1. Looking at the range 223-244, is at least one residue touching a residue at least 24 places away in the same chain (Cβ under 8 Å), in contact with a Pro (Cβ under 7 Å, 6 or more places away or on another chain) and part of a loop (DSSP other than H, G, I, E, B)?
2. Pull out all pairs, ordered by first then second residue, where Cβ-Cβ is under 6 Å, the residues are six or more apart or on different chains, the first lies in the range 115-132 and is touching a residue at least 24 places away in the same chain (Cβ under 8 Å), and the second is among the β-branched types (Val, Ile, Thr).
3. Is it the case, given these coordinates, that ALA45 is within 14 Å of the chain's Cα centre (by Cα) and not aromatic (Phe, Trp, Tyr)?
4. Among what's in the range 210-248 and is closer than 28 Å to GLY288 by Cβ and of a type in the set (D, E, K, R), pick the residue that is surrounded by the most Cβ atoms within 10 Å (Cβ to Cβ).
5. Could you grab me the full set of residues in the range 37-63 that are touching a strand residue (DSSP E or B) at 6+ places or on another chain (Cβ under 8 Å), aliphatic (A, V, I, L, M) and within 24 Å of TYR225 (Cβ to Cβ)?
6. What residue, of ALA298, ALA276, ALA280, is assigned by TED's automatic domain parsing to the domain that holds VAL250, under 17 Å from HIS253 (Cα atoms) and not in a helix (DSSP H, G or I)?
7. Which one of the conditions (1) part of a loop (DSSP other than H, G, I, E, B); (2) surrounded by 16 or more Cβ atoms within 10 Å (Cβ to Cβ); (3) not aromatic (Phe, Trp, Tyr) does VAL315 fail to meet, given that it meets all the rest?
8. Looking only at the range 260-290, how many residues end up being touching a Pro at 6+ places or on another chain (Cβ under 9 Å) and at pLDDT 90 or above?
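The values are calculated or read from the model by the stated rules, or taken from the named source; none is laboratory data. Since we're looking at a predicted model, the values are computed, not measured. Please note: Cβ atoms are built from the backbone with ideal geometry, for glycine as well, and neighbour counts cover all protein chains shown.
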Amino acid sequence: MLSGRALACSLLILLTSVVGCKRDLGDCNLDGQTPDGVPIDGPAAFDIAYRITDGLPMYEGQALVQSTCGDGAFCHSPAAVGADRIGVPAQLDFDVGLACNEAADAACASPPSCEGGQTDTYCQRLRRLHGNQSNIRDWAEGMIQEMRASAMPPGEAGRRVRNSTPWLRESDGSELPPIESGEAREIVRNWLACQAPVVARTEIPPSVQEELQPCPSVDDEICIYTGPQGELPEPAWSEIYWSIMFTTCVGCHGPSNNNVDQNPNNPLGGDIPGGASAPALEALNLTGSDTTDTTDWASESWSAVVNVSAYTGGVCAAQGTLVIPNDSPNSLMIEKMRDTQVCGTVMPPTGSIAGSLIQVVEDWIDMGAQNN
């Protein structure tokens, strides 16, 4: 594996080598036909996928690029700084996470118009999304060349930091393929050829029949009703750990781990996330002692969050306790999940945990935050 310095240099060379070297991205399949109305087979730019944990919808190409390139605090994410960018130049951000998700924030059902240059949180996020979408359009030819050459995502480093939460196709419920596959590359190629459309906002559907259907937009942004949500976990730490912490948080709050997991109940198959952010790991380790078997990680990580003060080396030092038994409103973990904290940033950095899942964590805390 390349050293951090060598990897940074190689990425810079690769990125600069594709500038000005245009390669035809091929035909754009909008939705079963080209922009000229000619029927065409293959993945369409507006094919929807939804995240298995909370029904969050994205276009298939958007979901693949987001989970692999810019989600959270690594590589092509605005939240990534220093070594967490793994050599990616500053501001080369491909984060296309939604500007507003009603499952996590009820205000998304009636966001303001942003046409007047408003500076509220939603409008700031919408402008960020459109700016990163513009970055992707500018770099589209280079992105697909790098993917075809298997240079991006960058080998083991890319596998280590990506978000491995499964995405299901709206059309048939099958799982989106891994980014290294030819099928996934064709999905991304077509999405790029069609100018990288993005779902920008969600609302909770008024009925099951309207799941994953378009919802009304405010400023011509694309709004899609959320999809089916998986069965909610029980308010017990073991269930919360496997359904939320392991799939969403351990990528940053865990060490780099190249082992194949011996735990058959691992929701990510044999993958063990971790290694995405050295500072996040230093601040909080949500893993366990056995690096080849995650079976006991839930029970072992409990002591890292309950009655534990905020990391003394971070911006929240002396400003809160992660989990206060029987007091969810004042637990820093909940404040950060709900983006109501007085220090630091929302967690995860994408702010995308569904409100229904956060409620389960709150219920567990208010029931005493037992190691159960």
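1. Yes, there is a match, as at least one residue in the range 223-244 is touching a residue at least 24 places away in the same chain (Cβ under 8 Å), in contact with a Pro (Cβ under 7 Å, 6 or more places away or on another chain) and part of a loop (DSSP other than H, G, I, E, B).
2. Matching pairs, first to second residue: ASN132/VAL96.
3. no
4. This residue is GLU239.
5. Result: ALA45, ILE48, ALA49, ILE52, LEU56, MET58, ALA63.
6. Details: ALA298 fails: not in a helix (DSSP H, G or I); ALA280 fails: not in a helix (DSSP H, G or I).
Exactly one residue qualifies, and that residue is ALA276.
7. With respect to (1) part of a loop (DSSP other than H, G, I, E, B); (2) surrounded by 16 or more Cβ atoms within 10 Å (Cβ to Cβ); (3) not aromatic (Phe, Trp, Tyr), VAL315 is out only on (2).
8. 3
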